[in-house]
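So the structure is just underneath, and the comments pick up after that.
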Amino acid sequence: MNKFAFVTGANKGIGFEVVRQLAERKYHVFLGARNVELGEKAVQTLGLSNVTFIQVDVTDIQSIQNSYKKIEEVTDHLDLLINNAGIAPDFHILPSEIKIETLRQAFEVNFFGTFQMIQTFLPLVRKSEYGKIVNVTTDMASQTLFDSGEAASINILGYNSSKTAMNSLTLTLGKEFGDKGPEIFGVTPGFTTTDLNGNSPGGKTTAEGAKIITDYALSIENYNGKILNKNGIMPW
Ligand SMILES: NC(=O)c1ccc[n+]([C@@H]2O[C@H](COP(=O)([O-])OP(=O)(O)OC[C@H]3O[C@@H](n4cnc5c(N)ncnc54)[C@H](OP(=O)(O)O)[C@@H]3O)[C@@H](O)[C@H]2O)c1
């Protein structure tokens, strides 16, 4: 049976490389992007016949439902849903100074967006024998690592707390799905130089960051309900 994956926020950055790596492993990959022009250009750049563009804005339920219909026309099951789309709108803004609109915006994409992607695509993921949902998270969302200074000490409320909420979503759904599946877990690529952080130097390349995600996505180990970094299970 053919294998199918859907990666959100994949017109650039880590998501773009996740698409490439899964396509190289013979998956048919749906490259999700909210901007049609950028998404189609990304597919063209990859030049792989097993990659298809799908428009999806994770904050727009109509757009998510349209993407579901498009994918359902091609396949009756989805093996991998990679919730990679994410924003960090408050870099350089102190927690006490963030505007409420900016805080809500972070939650709209990172938390509510991820939730409505999962809720919509669950029926299709459940039709795969080995269906997996991967939520791309950050070590900055771990209260333990952030408090101890082991995570990047970037004290930003919107990004960090919306990803912490996403981790909670991962845990609660993991408990609900249990042994029956699908498997759901979070993975952080770790500091990777991308537009998200203003292309800060010293991070991993997007291919290196993406490999951490695809290695877990393709692993035969069961990581249901766990939050993972390159070394394994990460503290909350
Ligand atoms: N870079 C790091 O150091 C790092 C570390 C840990 C975790 N992460 C996580 O890795 C993931 C990918 O980030 P990145 O570093 O590759 O950042 P990036 O280059 O900025 O890519 C983010 C992607 O998300 C898309 N996106 C934003 N809002 C969206 C929406 N409403 N609907 C659909 N797509 C949307 C962007 O689309 P547009 O191009 O249209 O804006 C873009 O394709 C994020 O979840 C991020 O939190 C990154």
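Throughout, read-outs are computed from the coordinates displayed, never taken from laboratory work. These numbers were taken from a predicted model, which means no experiment stands behind them. Methodologically, a virtual Cβ is constructed for each residue, glycine included, from the backbone with ideal geometry; neighbour enumeration extends over all protein chains shown.
Neighbour counts of C-beta atoms inside 10 Å place VAL43, VAL136, VAL125, VAL18 in the sequence VAL43, VAL125, VAL136, VAL18, starting with the fewest.
Taken about its Cα centre, the range 4-233 carries a charge dipole of about 240 debye when Lys and Arg each add +1 at the Cβ and Asp and Glu each add -1 at the Cβ. By the count of other C-beta atoms within 10 Å, a proxy for reagent exposure, ASP60, ASP76, ASP179 are ordered fewest to most as ASP179, ASP76, ASP60. Arranged from fewest to most other beta-carbon atoms within 10 Å of their beta carbon, ILE233, ILE184 become ILE233, ILE184.
Just add up the charged neighbours of ASN167: K/R +1, D/E -1, any other residue whose Cβ is under 14 Å from the Cβ of ASN167.
+2
For a test of the definition: using alpha carbon positions, the gyration tensor, and the 1.5 limit on a/c, classify the range 151-234 as rounded, prolate or oblate. Cα axes put the range 151-234 in the oblate bin. Among the trypsin sites (Lys or Arg not before Pro) within the range 56-147, those in coil by DSSP and having at most 12 neighbouring Cβ atoms inside 10 Å are LYS99.
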